[in-house]
1. Using the Cα atoms of the chain to build a convex hull, what is its mean projected area in square nanometres?
2. Quick one: compute the contact order of the chain, relative version, from alpha carbon pairs under 8 angstrom and 6+ residues apart, as a percent.
3. Place a label point 7 angstrom from the Cα of His211 along the Cα-to-Cβ direction, then list the residues of the range 27-48 whose backbone nitrogen is under 11 Å away.
4. Got the relative contact order for the range 149-234 handy, in percent, Cα pairs under 8 Å and 6 or more residues apart?
5. Determine the share of the range 76-136's accessible area contributed by carbon and sulfur atoms, expressed in whole percent, with a 1.4 angstrom probe.
6. Report, ordered by chain and residue number, the lysines lying within cross-link reach of Lys11, taken as a straight Cα distance under 16 Å and ignoring same-chain residues fewer than 8 apart.
7. Report, ordered by chain and residue number, the aspartates and glutamates lying within cross-link reach of Lys117, taken as a straight Cα distance under 20 Å and ignoring same-chain residues fewer than 8 apart.
8. Given the whole protein assembly as supplied and a 1.4 Å probe, what does the accessible area of Glu223 come to in Å², nearest 10?
Amino acid sequence: HSFVQAEHLVKRFGEHRAIDDVSLSIAKGEVISLIGPSGAGKSTLLRLLNVLETPDSGTLRVGDAAMTFDGTPVKRARVLAIRRHTGMVFQSFNLFPHLSAVQNVALAQMRVLGRSKDEARTRALAQLERVGLAAKADAYPSQCSGGQQQRIGIARALAMDPDLMLFDEPTSGLDPEVGAEILAVMRELAADGTTMVMATHEMEFARHVSHWTCVMVEGAVIERGAPAQVFDAP
Ligand code: ADP
Ligand code: ADP
């Protein structure tokens, strides 16, 4: 029984079909990598899974929260019911520059989960510690390195107590050594049984950490399977 069930998702930007009839199911504890050329739709697919972008059509169920999309306006309460299950880590970190690390991590919990300021702050500090950034809790993003900013982004996602973690090329803006540290954090999460979907150009990670790989081209999943099968196909 899958935890996430996406059926026939379509997303157009103008005439362009960024996502063209994609279905995906994810069981608890699965680690899925999305690979494919730039512009294939990996980032858009991730953003559909937590309804940061609204699909034009299709259905989506995450845990007990389900939505059908048909072009009519979506209700924010329904979107939040899905988003509450997810934590998202962005390529360009998406931190608010005028908020400290702990404030950035606390904000999403207050807005999406309705947690009180005190509770959100306590949980934020715990997650910053988990990613090795307790010392930077009161620092602003501009006072943090790229790798530290991405750790803040991971802490923010983890603080949502998510059932599903979504990673959008989390290492692509970082130096290789720093990216390797972020991948190490992700390996730990995978080993802990975290359900994850990651868009990535990190083939080593896709091959050795993910359980399933989806190959995307022009908005469609053209191939999917175990990494060994996908990468060693003749
Ligand atoms: P990937 O993550 O695989 O590089 P994206 O999901 O970012 O691909 O993009 C898929 C396609 O959708 C690309 O053609 C991109 O230009 C287009 N696209 C993505 N986001 C938007 C947007 N907000 N407005 C218009 N076009 C977009
Ligand atoms: P908006 O009002 O713009 O829709 P929200 O209130 O949903 O934003 O969220 C506030 C901030 O928290 C945003 O910066 C967003 O990027 C971040 N955020 C929201 N949900 C999540 C999540 N599940 N994982 C990580 N960050 C999130």
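The values are calculated or read from the model by the stated rules, or taken from the named source; none is laboratory data. All of these numbers come straight from a predicted model, not from anything done at the bench. Heads up, the Cβs are rebuilt from the backbone with ideal geometry, glycines too, and the neighbour counts pull from every protein chain shown. Accessible surface areas use protein heavy atoms only, side chains included; no ligands, DNA or RNA. Shrake-Rupley method; radii C 1.70, N 1.55, O 1.52, S 1.80 Å.
1. The orientation-averaged projected area of the Cα hull of the chain comes to 12.9 nm².
2. The value is 27 percent.
3. 27-32
4. Relative CO of the range 149-234 lands at 22 percent.
5. 52
6. Lys42
7. Glu129, Asp138, Asp161
8. Looks like 70 Å² after rounding.
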